[in-house]
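Asker: Just dropping this structure here.
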Amino acid sequence: MFRQDCSHHLLTTILPFWENLTDWERGGWFGYVNHDLSVERGAHKGCILNSRILWTFSTAARVTGDKSLLRYARHAFAFLPHFEDTERGGVYWSVTADGEPLDKTKHTYCQAFAIYGLAAYMRAIGESDPDYIPAREKAMALFNLIETKCSDAGGYGEAYEPDFTPVGNEKLSDNPKLMERHETASRTMNTLLHVLEGYAELYRAMPDEAVRRAGEVCLERFLNVMYNPSKRRLEVFYDRNYRSLLDMQSFGHDIEASWLIWDAAETLLPESNRAPYLHMCLTLAEAVRERAFTDHGLENEVVEGKVDHTRVWWVQAETVLGFLNAYELTGASTWLRQAEAQFAYIRRAFVDPRPNSEWFWSLTESGIPTDKPIVEEWKCPYHNSRMCLRVMEHLT
């Protein structure tokens, strides 16, 4: 039933909502839906949102076998050039509703998600499709750009001007405690996680040794630098030399990383080299379950000893996948039962009962929906659709 319930939810709630938000006139998707479900048709369009939509419909078409979904994947692919800097390479943060460049900042995070979407599109359409070679060329150009323009001897930078002059990373280090101290992170766990995710998906689409090796370096950095074994967590925000800037555990990122890192290790590493990643990923999942899992969802984070009890949509979805992965790695049925219980909680509490809606952005600890938008540049179909799709793929 778990698999069937996820399939039904994907096909009857998540995908139809996003299909209805397609901007057929100007391209892409409408970029903002208020909590009252009114659509801001003139809102800007974010590269992250477009890339995640590209990933969602591409993967849904591949997993379900429903090729009609490729109509939406092709639409997202066709809009991607609006974000591209054809002169200097890379993709911008956002464009206007009409597709003109708006925020021209180039974040490593955005480049990685464009790769992720393009790789999924390649997997969905196959090598004989006319879009395959253009998608492959775009993905490899972005891979090479990250490795040459967004990296240094220590790892990856975060944010850049159009000419790749480094700039402040406020967008991906917007923690209130850091803001109080007027600090921004020069490196983040979040960006490295999604670079790794993009590289692993690209390698699945087209095995390339340079991509595999770059992904392996990302894995090694997680294991040897970002993972804190004494605290059983990943550190989140860093200065340039990987000094952690904040005593913090992001439960959502740790449970997401617990399966994404393992997924990448299985894709990029020989079996003989995976043991330390198995241990790290299971430890992360166990620590999150022990510290943050309840019968009404997963806590958000703990910063300097203070727990944020807000329930956030993506954190809840990633909990299902982290627990499913732990079940697959251990065979312990408790993990599967808790993944199922978490999905039941999501359907009960997070799925908006109003017609023509999707999931709430967040809930208070007592289960009251906040007034955050239903769609914005971060609120996307990638976490919840991936939850459904991965359950569908792994529980046959």
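Read the figures in this text as sums done on the coordinates, not as results from a lab. Everything quoted here is computed from the prediction, not taken from an experiment. Please note: Cβ atoms are built from the backbone with ideal geometry, for glycine as well, and neighbour counts cover all protein chains shown.
Asker: When Rg is the radius of gyration of the Cα atoms in the range 210-353 and Rh is its Kirkwood radius, what does Rg/Rh come to? Please list the in-between numbers first.
Answerer: On the way: Rg = 15.5 Å, Rh = 15.8 Å.
Here the Rg-to-Rh quotient is 0.98.
Asker: Of all the stretches in the chain, which is the longest one without any exposed loop site, taking GluC sites (Glu not before Pro) in a DSSP loop (any state but H, G, I, E, B) with at most 10 other Cβ atoms within 10 Å? Mind dumping the intermediate values first?
Answerer: Values: sites that count: 25, 87, 127, 304.
Result for the longest clean stretch: 128-303.
Asker: Further question on the same structure: Figure the gain on full extension for residue 357 and residue 151 (residue separation times 0.36 nm, minus the Cα-Cα span) and round it to one decimal in nm. Write out the running numbers ahead of the final one.
Answerer: Numbers: separation 206, 0.36 × 206 = 74.16 nm, distance 3.98 nm.
Here the answer is 70.2 nm.
Asker: Also, quick follow-up: State, to one decimal in nm, how far the label point of residue 378 lies from the label point of residue 279, with both points 7 Å from Cα in the Cβ direction.
Answerer: Taking the simple label geometry, residue 378 and residue 279 are separated by 3.4 nm.
Asker: Between residue 37 and residue 271, take the C-beta separation as r, use R0 = 45 Å, and let me know the FRET efficiency to the nearest 0.05. Walk me through the intermediate numbers first.
Answerer: Working: r = 48 Å, r/R0 = 1.08.
Efficiency, from the Cβ-Cβ distance: 0.40.
Asker: Give the aspartates and glutamates whose C-alpha is closer than 16 Å to that of residue 171, dropping any in the same chain fewer than 8 places away, or say none.
Answerer: Result set, ordered by chain and number: 103, 158, 161, 180, 183, 239, 376, 377.
Asker: Past the 18 angstrom mark, what percentage of all C-alpha to C-alpha distances in the range 71-211 do you count? Don't skip to the answer; put the middle values down first.
Answerer: Numbers: 5608 of 9870 pairs.
Of all Cα-Cα pairs in the range 71-211, 57 percent lie more than 18 Å apart.
Asker: Of the options 184, 218, 394, report the single residue whose Cα projects farthest towards the positive end of the charge dipole of the chain (beta-carbon charges: Lys, Arg +1; Asp, Glu -1).
Answerer: Highest projection toward the positive end goes to 394.
Asker: Looking only at Cα atoms, what is the convex hull volume of the range 1-158 per residue, in Å³? Let's see the in-between values first.
Answerer: Working: hull volume 22.3 nm³, N = 158.
Output value, Cα hull per residue: 141 Å³.
Asker: Now, a different point. Using only alpha carbon pairs under 8 Å that are at least six residues apart, calculate the relative contact order of the chain and give it in whole percent. All intermediate terms of the calculation are to be shown ahead of the outcome.
Answerer: Numbers: 699 pairs, mean separation 72.0, N = 396.
For the chain, the relative contact order is 18 percent.
Asker: Please give, to one decimal in nm, the separation of the simple spin-label points placed at residue 85 and residue 329, each 7 Å out from Cα toward the Cβ.
Answerer: 3.8 nm
Asker: Let me ask something else. How high is the FRET efficiency between residue 177 and residue 68 when r is their beta carbon distance and R₀ equals 51 Å, given to the nearest 0.05?
Answerer: Details: r = 47 Å, r/R0 = 0.92.
Efficiency, rounded to the nearest 0.05: 0.65.
Asker: How about residue 177: which aspartates and glutamates have a C-alpha closer than 14 Å to its C-alpha, ignoring those fewer than 8 places off in the same chain?
Answerer: Qualifying aspartates and glutamates at Cα under 14 Å: 247, 301, 304, 308.
Asker: If you don't mind, there's one more thing I want to ask. Let's see if you can work this out: charge +1 on each Lys and Arg Cβ, -1 on each Asp and Glu Cβ, no other charges. What is the dipole magnitude of the chain about its Cα centre, in debye to the nearest 20? Spell out each step's value before the answer.
Answerer: On the way: 42 positive and 57 negative charges, 113 e Å.
Charge dipole, the chain, about its Cα centre: 540 debye, nearest 20.
Asker: What is the projected area of the convex hull of the Cα atoms of the range 272-325, averaged over all directions, in nm²?
Answerer: Working: hull surface 17.9 nm².
Taking the Cα atoms of the range 272-325, their convex hull projects to 4.5 nm² on average.
Asker: For the pair residue 370/residue 170, report the inter-label distance in nm, with labels modelled 7 Å from Cα in the Cβ direction.
Answerer: With each label placed 7 Å out from Cα toward Cβ, I get 1.9 nm.
Asker: Counting only residues 5 or more places away or on other chains, whose amide H sits under 5 Å from the amide H of residue 308 once H atoms are built in the peptide plane?
Answerer: 300, 301, 302, 303
Asker: Looking at the chain, what % of the alpha carbon pairs are farther apart than 39 Å? Intermediate results must be reported in sequence, preceding the final value.
Answerer: Values: 7350 of 78210 pairs.
Cα-Cα pairs in the chain separated by more than 39 Å: 9 percent.
Asker: With point charges of +1 on the Cβ of Lys and Arg and -1 on the Cβ of Asp and Glu, referenced to the Cα centre of the chain, which listed residue (339, 205, 300) lies farthest in the positive direction of the dipole?
Answerer: Checked the options; the winner is 339.
Asker: Evaluate the range 238-319: find the radius of gyration of its Cα atoms, find its Kirkwood radius, and give the ratio Rg to Rh.
Answerer: Here the Rg-to-Rh quotient is 1.03.
Asker: Less than 12 Å Cβ to Cβ from residue 393, Lys/Arg counted +1 and Asp/Glu -1: what total charge do the surrounding residues give? Kindly include the intermediate steps, with their values, before the conclusion.
Answerer: Details: positive: 3, 62, 386, 390; negative: 263, 328.
It works out to a net charge of +2.
Asker: Taking the alpha-carbon centroid of each part, what is the distance from the range 145-199 to the range 220-293 in angstrom?
Answerer: 18 Å
Asker: Shifting gears a bit: Projecting each Cα onto the charge dipole of the chain (Lys/Arg +1, Asp/Glu -1 at the beta carbon, about the Cα centre), which of 370, 94, 255 comes out farthest on the positive side?
Answerer: Farthest along the dipole direction, towards plus: 255.
Asker: For the range 157-245, what is the convex hull (Cα atoms) projected area averaged across all directions, in square nanometres?
Answerer: Details: hull surface 28.2 nm².
Mean projected area for the range 157-245: 7.1 nm², to one decimal.
Asker: Based on DSSP H assignment, which helices of the chain show an axial Cα extent of at least 20 Å together with a mean Kyte-Doolittle hydropathy greater than or equal to -0.5?
Answerer: Details: long enough: 47-64 (25 Å, 0.70); 108-125 (26 Å, 0.89); 132-149 (25 Å, 0.02); 189-205 (24 Å, 0.18); 251-268 (25 Å, 0.22); 275-292 (25 Å, 0.24); 313-330 (26 Å, 0.41); 333-349 (24 Å, -0.55).
Length and hydropathy pass: 47-64, 108-125, 132-149, 189-205, 251-268, 275-292, 313-330.
Asker: Relative contact order (percent) for the range 93-152, with alpha-carbon contacts under 8 angstrom and 6 or more residues of separation? Mind showing how you got there, number by number?
Answerer: Values: 44 pairs, mean separation 17.5, N = 60.
29 percent.
Asker: Under a GNM of the chain (C-alpha, springs under 10 Å), which listed residue has the highest mean-square fluctuation: 200, 210, 326?
Answerer: Greatest mean-square fluctuation among the candidates belongs to 210.
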